[in-house]
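Computed from the coordinates by the stated procedures, all read-outs in this text should not be read as laboratory data. Remember, it's a predicted structure, so these values are computed and weren't measured experimentally. No Cβ is skipped: glycine too gets one built from the backbone with ideal geometry, and neighbour counts run over all protein chains shown.
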Amino acid sequence: MGLVTRRPRGTKSHPRARAQRLDVLIGILGFFVLMAFIQTVAFELQGKPAGFAAAVLLALVVALWFAIKAKRRTGI
């Protein structure tokens, strides 16, 4: 087992590394937003209660918005 090196507290990661991690997060959130949207529409069309699905969709969209906003702040 190798040694794990950690950054000292208070140091920032490279902006490009942060942007890449945010790109991955945006991709994952985007996928789940799409799936939640499809599920919500399917529930609505079938006449099933879709309140919880819509709430999950809203939470995911807000999280995606914050991730995109954070990505824009990196400047990359």
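A few notes on this one:
- Helix-only [θ]222 nm of the chain, DSSP H runs n ≥ 4, -39500 (n - 2.57) each, per residue, nearest 500: -26500 deg cm²/dmol
- Angle in degrees between helix 15-46 and the longest Cα principal axis of the chain, rounded to the nearest 10: 10 degrees
- Crossing angle, helix 51-74 versus the chain [Cα axis fit, 0-90 degrees, rounded to tens]: 30 degrees
- Using the Stokes-Einstein relation with a Kirkwood hydrodynamic radius computed over Cα pairs, the translational diffusion coefficient of the chain at 4 °C and a viscosity of 1.567 mPa s comes to 88 µm²/s.
- The chain - percent relative contact order, Cα under 8 Å, separation 6 or more: 44 percent
- Comparing A70, P15, A59 along the charge dipole axis of the stretch 15-74, the residue lying farthest to the positive side is P15, per the Cβ-charge model.
- Label-point gap, in nm, between I76 and D23 - each point 7 angstrom along Cα→Cβ: 0.8 nm
- Taking Cα centre as origin and charging only the Cβ of basic (Lys, Arg, +1) and acidic (Asp, Glu, -1) residues, the dipole magnitude of the chain rounds to 720 debye.
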